[in-house]
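What follows is a short report on a single structure.
The values are calculated or read from the model by the stated rules, or taken from the named source; none is laboratory data. What you are looking at is a predicted structure, and each value in this text was computed from that prediction instead of being measured. Backbone-built Cβ (ideal geometry, glycine too); neighbour counts: all protein chains shown.
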Amino acid sequence: MRKIFAFLLLVTGVSLFAQSTTPNQKRFVEVGKKVGEGYNAIDYRLIIAEFDPEMKKALPFEVLQPLLDEIRRELGAITRMGTPKEINPNVATLAVEFERGILDLELAINQSNKISGLYFKPFTPPIPVPEHNATSLRLPFNGEWYVFWGGDTKEKNYHVTNVSQRHAFDIVKTDSFGRHARTDGRRNEDFYAWEQPVLAPAAGTVVEAIDGVRDNDPGVMNQFSALGNCVVIQHSDSEYSVLSHLRRGSVAVKAGEKIAKGQKIGLCGNSGNSSEPHIHYHLQNAPIFQFATGIKVYFEKVKLKGHPNQSIMPNEYSPEKGNWISPKE
C-alpha cells in the first residue's frame, strides 16, 4: 500500500491497548474519537471538520476520500488502538489495529485541538520497558557521593516528568559538612566532583561518545546541548546506560568500542544542561535519547551512609534523594 497522508486515532466503541494517563494524551484521544467516528461511519466530512484551515486546503475531500477508501479495502475497520506516545506536546504516534492489520499513525494537533498533520507508516512493535535493570550495575564512581536528585516522585526527582530520564540520578560529591565546593563555587575547579573519574556501570559496547562541548561556568546552563559531553553504553538489546555532563576533552572511549565494567569512560564535568559539576546517570530502553523510555535502576552492593552498621545494601537497592552512597570496596 502506498504511503497515505491521513490520520485516524480513536473510535467510539473501539477498545484500547492501554488507557491514556496524561492530560496531553487526552487531547489526542478526544480528537481521535471524532476522526474515528467519521472513518468507521464512512463519513469523511466529519474528519475534515477537525482539520485546521491549512489542512483543509492540503487535504480536501476529493483527495482524502480515495486515500481512506484504500485503507478500508486493504485493512477494514478500526478495532482497537494504543495509547498516544508523545513526540512533542503537539505530535503523537500510536498503533492502530484494523480488522486485517496494524499501522503506526502520527498525528499533529494545534493549540485549538484541530488537526494540522497526519501520516501513516509501517507498524513498529514497541520496545520492552523492564521494571528494573536485568544487567548487574555498579555505581558509576568510586568513593562516597550524595544523591541530589533521585527517586520516584517529583519532590525527590525532577526528572520524573521526562520519559527517557524518569528514573535518572544527579549525583554530587561533598565534604563531611555536605558542602559541594571548597570555596564560593565560582569556578568548576572549586567543586569536589570536578574531574573525578566516571566509570562504566557494566560491560558493554559504546554506541555514542560525545566530546568537545564546553564546560559551563557554575550556575550558567547550556540548554542548546542538553547532554553535554556524554557516553551511551549498550548492555543488551533493551538496556542502555547514559552518563552525561562530562568534562570537555576527558571522554576516554569511542563509539563501537567494547568496554569493561568499572572502566573509566571520562571525568566529571559541567557541560550541557548542568549548573555545577555532577554525574548524571540513567538507564533507558533504546539508544536514541528522545525515543527511549527510562528504566528503574537497582545498583549492586551499595554502601549507604547512616544505614545501621553502615551495612552493604542488597543488590535490589535504588538510591533516593538525600542518600550518601558508595560502592562496596
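I need every pair where a residue in segment 145-157 that is touching a residue at least 60 places away in the same chain (Cβ under 8 Å) has its Cβ under 9 Å from the Cβ of a residue that is of a type in the set (D, E, K, R) and buried (at least 19 other Cβ atoms within 10 Å of the Cβ), sequence separation at least 6 or different chains.
Trp145/Lys173; Tyr146/Lys173; Val147/Asp170; Phe148/Asp170; Trp149/Asp170; Gly150/Asp170; Asn157/Asp170
Applying the selection to segment 288-327, what residues are part of a loop (DSSP other than H, G, I, E, B) and at pLDDT below 90? Walk me through how you get there before you give the answer.
The first filter runs over segment 288-327 and keeps only residues part of a loop (DSSP other than H, G, I, E, B), leaving 288, 292-293, 296-298, 300-301, 305-307, 311, 313-316, 318-323.
Result: Ile288, Ala292, Thr293, Lys301, Lys305, Gly306, His307, Ser311, Met313, Pro314, Asn315, Glu316.
If we scan segment 103-118, do we find a residue that is farther than 23 Å from Val163 by Cβ, assigned to a helix (DSSP H, G or I) and touching a residue at least 24 places away in the same chain (Cβ under 8 Å)? Spell out the reasoning first.
Within segment 103-118, the subset farther than 23 Å from Val163 by Cβ is 112, 114-115.
Checking the rest, the ones that are also assigned to a helix (DSSP H, G or I) come to none.
Scanning segment 103-118, I find no residue that is farther than 23 Å from Val163 by Cβ, assigned to a helix (DSSP H, G or I) and touching a residue at least 24 places away in the same chain (Cβ under 8 Å), so the answer is no.
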